[in-house]
1. Of all residues in segment 93-113, which are surrounded by fewer than 18 Cβ atoms within 10 Å (Cβ to Cβ) and away from the ligand (no atom under 16 Å from the Cβ)?
2. Looking at L200, L231, L236 in this structure, which one is more than 23 Å from V143 (Cβ to Cβ) and not β-branched (V, I, T)?
3. Residues in segment 183-195: is at least one under 20 Å from G333 (Cβ atoms), surrounded by 20 or more Cβ atoms within 10 Å (Cβ to Cβ), under 18 Å from the mean Cα position of the chain (by Cα) and touching a residue at least 24 places away in the same chain (Cβ under 8 Å)?
4. Condition check: in contact with a strand residue (DSSP E or B) (Cβ under 9 Å, 6 or more places away or on another chain), within 17 Å of R54 (Cβ to Cβ), crowded, with 17+ Cβ neighbours inside 10 Å and in contact (Cβ under 8 Å) with a residue 24 or more places away in the chain. Does A173 satisfy that?
5. Limited to segment 178-195, what total is found for residues that are touching a helix residue (DSSP H, G or I) at 6+ places or on another chain (Cβ under 6 Å) and either among the polar types (S, T, N, Q) or near the ligand (Cβ under 10 Å from one of its atoms) (or both)?
6. Conditions: (1) in contact with a Gly (Cβ under 7 Å, 6 or more places away or on another chain); (2) touching a residue at least 60 places away in the same chain (Cβ under 8 Å). S68 meets all but one. Number of the miss?
7. Check whether at least one residue in segment 273-286 is touching a helix residue (DSSP H, G or I) at 6+ places or on another chain (Cβ under 6 Å) and outside any helix (DSSP H, G or I), and report yes or no.
8. Identify, by number, the condition in (1) touching a residue at least 60 places away in the same chain (Cβ under 8 Å); (2) out of contact with any helix residue (DSSP H, G or I) (no Cβ under 6 Å at 6 or more places or on another chain) that S242 doesn't meet.
Amino acid sequence: MPALPPLNPPIRTLLGPGPSDIHPRVLAAMARPTVGHLDPYYLQVMDKVQGGLRELFRTTNRMTFAVSGTGSAGMEATVVNLIEPGDAMIVGVNGVFGGRMTDVAERAGAKVTKIERPWGEVFTPEEVQKAVDAVKPKVVGIVMAETSTGAYQPIEEIAKIVHDAGALLLVDAVTSLGGVPVEVDKWGIDAIYSGTQKCLSCPPGLAPVSFNQRAMDVILGRKTKVQSWYLDVTMLANYWGSDRVYHHTAPINMSYGLYEAVSIILEEGLDACFARHALNHRALKAGLAAIGIKYAAQEGYQLPMLNAVHVPAGVDEAKVRSDLLNRFGIEIGAGLGAFKGKVWRIGLMGYGARPANVYLVLSALEQLLA
Ligand code: PLP
C-alpha cells in the first residue's frame, strides 16, 4: 500500500457546539516530549492538573481528576460509580444530553424516572421537589448547560432540594465548565463531569470529574462491583491518589494539553473569563437581533457559550452552514433531535469567545442571508 497522503487539515474557525478552537499554547504543549505515565515528571503534571481542576470546579474534593475519554466517559464514570442495579435515579431531560444520561443510567441498572421539559426550557425547583418527593431517588442527574438547546440550568436551589431528600446530585458540566461559574462546594454538587473540548479550548479526549466525600462514601459502601473496570473510581483513586498504582496508560500528551488549558484560564482569572464569555455573548445576541435572528432557549436562561438560534423562515439551513464552512471557513452547529433543521448552534467557547469571532460570524451570516 502506498503511503497515505500528507495530513493537511483545513484551518477552520470552530464556532459550533464543540470542539472549539484550540488555544495555540495548548497545541504547543501537546507537542512536548512524551514521558512515561509513572515518570516523576508526569506525576507532577497530574498533581498540577488536579490542583487546577479543583480551582475550575471551585472545590477542595480530593477525588478531582481527568478521566481518560471524552465527556461521555465522564458521564459514564460518574453514573456507573454511583448507581448499583435497582437504584432509583431521576434525570432531567430537556435536550439530547439528559436523554444520554438516562440511557447510561439505565444501562447501569438504574430505575430511571425522567422529568421532562420542552427543549430550550429549564427545570424549576418546584418540579424537581415534586419528583424527588414521589421517587425518593438515590441520585438526581441534571445537565447544567444543555448544548443541544442553549439552555442554562440553575443548579443551586435544586442542590438543596436533592440534599434535603438525602439524595446525591450529579451535574453535567461538559459545556459550562470554564464559561460560567460552576460552584461545586458552594452549591453542594456531589459528582460532576466535564469535557476538554468546549470552554477549556483543548482537544477532545479527557473528562474532568470530581466526587465529594458524600459521593465517595456511597461508592466505597457499594454492595456490587462497579460494572466498568476502566471507570471504577476506587481503582482510579490509586493511580490519581498518593499510591500511584498503575491502572491504565494515561494519555500523557492530552494531559499536557489540559495542563496548559487550565493554566491559561487561571492566568486570566475565572471571573474575568466568565465576564468575557458574557460580553461576547451579549455582542453576538445584539448583532443577531439586528438581522432578525432569535434565540431558541428561554429568555433569562440562555448560555453565553452556546447560542442556539432559530433558523429564519424560508432559509435553507444546511446550505448556509455549508457556505459558512466553504466560503468563510467557519463551522457552526446544526440542530439536534427536536431542533434538527430548525436551529443553528453558535459556540463562543473559551479561546473562541472573542470579539473577532463575533464580528466574523455576524458579517458572514449577514452576507449569506441578505
Ligand atoms: N454532555 C454535554 C452537555 C455535551 O455537550 C456533550 C458533548 O457535546 C456531552 C455530554 C458528551 O461529550 P463528548 O461528546 O465529549 O463525549
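The values are calculated or read from the model by the stated rules, or taken from the named source; none is laboratory data. Because the structure is predicted, anything quoted here is derived from the model rather than measured. Ideal geometry is used to build each Cβ from the backbone, glycine not excepted, and the neighbour counts take in all protein chains shown.
1. E106, G109, K111, T113
2. After applying the criteria, what remains is L236.
3. Looking through segment 183-195, at least one residue is under 20 Å from G333 (Cβ atoms), surrounded by 20 or more Cβ atoms within 10 Å (Cβ to Cβ), under 18 Å from the mean Cα position of the chain (by Cα) and touching a residue at least 24 places away in the same chain (Cβ under 8 Å).
4. Considered against the rule, which asks whether it is in contact with a strand residue (DSSP E or B) (Cβ under 9 Å, 6 or more places away or on another chain), within 17 Å of R54 (Cβ to Cβ), crowded, with 17+ Cβ neighbours inside 10 Å and in contact (Cβ under 8 Å) with a residue 24 or more places away in the chain, A173 comes out as yes.
5. 2
6. With respect to (1) in contact with a Gly (Cβ under 7 Å, 6 or more places away or on another chain); (2) touching a residue at least 60 places away in the same chain (Cβ under 8 Å), S68 is out only on (1).
7. no
8. Only one criterion in (1) touching a residue at least 60 places away in the same chain (Cβ under 8 Å); (2) out of contact with any helix residue (DSSP H, G or I) (no Cβ under 6 Å at 6 or more places or on another chain) is unmet by S242, namely (1).
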